[in-house]
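The values are calculated or read from the model by the stated rules, or taken from the named source; none is laboratory data. Quick caveat: nothing in here was measured; it's all calculated off a predicted structure. Please note: Cβ atoms are built from the backbone with ideal geometry, for glycine as well, and neighbour counts cover all protein chains shown. Protein only, heavy atoms only, side chains kept; ligands, DNA and RNA dropped before computing areas. Shrake-Rupley method; radii C 1.70, N 1.55, O 1.52, S 1.80 Å.
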Amino acid sequence: MTARTFRFPLSGWRPSFGSFPVGFGVLLLMVFLGIAGPWIAPHDPNVIDLGNRLHGISAEYPLGTDHMGRCVLSRLIYAFRVTPLAAVLVVCLSATIGTAVGLLSGYAGGLTDSLIMRVVEGIFIFPAIAIALVLAAVLGLGMWAMVFSLAAVHWAEYARVVRNLTLAEKAKPYELAARAAGVGPIRIVLRHLLPNIAHPVVVLATFSLSWAILSFSGLSFLGLGAEPGTPEWGLMIAEGRIYMREYPMLILAPGLTIMITVIAFNTLGDALRDRFG
């Protein structure tokens, strides 16, 4: 099967499976920073030193300090243990629920399929982030509240995709032969349908990580995500926006980190889509 390529006239770059090492390399770097953060961060990210507030870039503070005198680089590194982890949890929870619901809807068909799809369509009527905002306001602050709020709306995307894939697979000869041989529905779903729809779900999950990171950071920026004082990229931007003219690094450091992370996941998703497509 020939992989699809996409042309970008301005740069001449084509996302293909050859770009996989780039996205995967950034992913490994994120995992490393999340694990090794306490050992490589130059300072404790939560120590307040008002005598050093808004300190410029120096050897001791490579990215300066914020309005509370906390090391920006240390907080940036520690945030790899918050934002990406929250995004992974959102995607895992959404994919698990959505895949199960989509398989049930597509395989059962009839009234079950109609009822489930009405619920899914009802969720798609409203912007996902708006529903997440309401749920976040009800559940309160904290990473787990944000994870459940975002997963509560994002599972519908997986359910719709998996349901359509299941309907397509049901019509194929191998599935018809399995049913004719008397194979039970649970075994058909787990042994035949699920493995054959896994690749598109993995690709969707990769792209979903970008959405989850942007959504979690956005909610934190609005004050509904991470608790105040937590090293988190969106919260760092919210805290530093007042000083952005005199100390732009307070905005640039977390903002560029979010951008690079999202681009890396999108590059990885493009590469996987080209490989499996």
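What to note about this one:
- Selection status of Tyr174, of a type in the set (Phe, Trp, Tyr) and open to solvent by less than 50 Å² (accessible area, probe 1.4 Å): no
- When region 74-99 is filtered for residues that are hydrophobic (A, V, I, L, M, F, W, C) and open to solvent by 60 Å² or more (accessible area, probe 1.4 Å), the ones remaining, listed by number, are Leu85, Val88, Cys92, Ile97.
- Beta carbons closer than 8 Å, at least 6 apart along the sequence or on distinct chains, pair a first residue in region 15-43 that is over 19 Å from Val262 (Cβ atoms) with a second that is modelled with pLDDT of 70 or more and open to solvent by 70 Å² or more (accessible area, probe 1.4 Å) for Phe17/Arg275; Gly37/Arg81; Pro42/Glu60.
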